[in-house]
Each structure stands twice: as structure tokens, then as C-alpha cells.
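The values are calculated or read from the model by the stated rules, or taken from the named source; none is laboratory data. For clarity, every value in this text was computed on a predicted model and none was experimentally measured. Counting neighbours? That spans all protein chains shown, and the Cβs are built from the backbone with ideal geometry, glycine included. What goes into the accessible areas is simple: the full protein's heavy atoms, side chains included, and nothing from ligands, DNA or RNA. Shrake-Rupley method; radii C 1.70, N 1.55, O 1.52, S 1.80 Å.
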Amino acid sequence: VPAALVEPVAVGAAVADSLLRDEPGGHIEGTSAFFDAFTAALTSGPKFSTLTAAQQAVAREKVQSLRPAYEQELAALRATRGQGATVTDVDIREMMPRVMARAARAAT
């Protein structure tokens, strides 16, 4: 990207710290890959493994139903920071309450 096209963006301290950490496997490229990692994280924990197969299927379906709200929130983040911005774990944690609220509004 030509330097003339790069614009500075203000981010919070937690996001800035997250961007400075260089953790192995800490960066995921692409909306689909990020949502897949989010889904895997939610559906692979110890609590999830205690559910019956039917309950796991319902839980996976509910997580997948969050995707439209997730993509809307991600689009809002991109509108604020720019298309090529790095999305951090802090961004996702801050975004999730808004994703859940959007999904709840869409369900009513």
C-alpha cells in the first residue's frame, strides 16, 4: 500500500497492547477464518463436552446463527479503522456484547 494512502487510526490502550504482542498463532487472516476460530473456541471447552450430542448440535447452531451479527459488527469496526485493520482479541471481546445484542434484536 502506498504510504500516501495510509491513515493513522486511534485505538485504545488495550488494543494497542494486543497489537504489540507477538504471540504464536495470535493472528488470523480473514473474516471466515476468524469466525471459525471463534466457533471452535466456544464449542471445544470442557463445559461443551458435558452436553449431549443433541445439545451440542443446538449449541453449534446457535453459535452459527451469530454470524450475520458478527459480520455487521466487524463491518462497523472496519468502517472506523479501515479495511486492512488488524482485529485483535481485545476487539473481539469488546465486540461480542454488541454481537449478542444484535442477534437478540434480530430474533425478535
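Of note:
- Accessible surface of region 30-93, 1.4 Å probe, proportion on carbon and sulfur as whole %: 59
- Heavy-atom surface of the chain, accessible at 1.4 Å and reported per residue (Å²): 69
- About the centre of its Cα atoms, the chain shows a dipole size close to 500 debye [charges on the beta carbon of Lys, Arg (+1) and Asp, Glu (-1) only; nearest 20 debye].
- For the chain: rounded, prolate or oblate by the Cα gyration tensor [a/c cutoff 1.5]: prolate
- Protection-proxy order for peptides 41-52, 75-86, each taking the mean of Cβ atoms within 10 Å per residue, highest first: 75-86, 41-52
- Estimated distance in nm for a label pair at ARG21 and ARG67, the labels positioned 7 Å out from Cα along Cα-to-Cβ: 2.8
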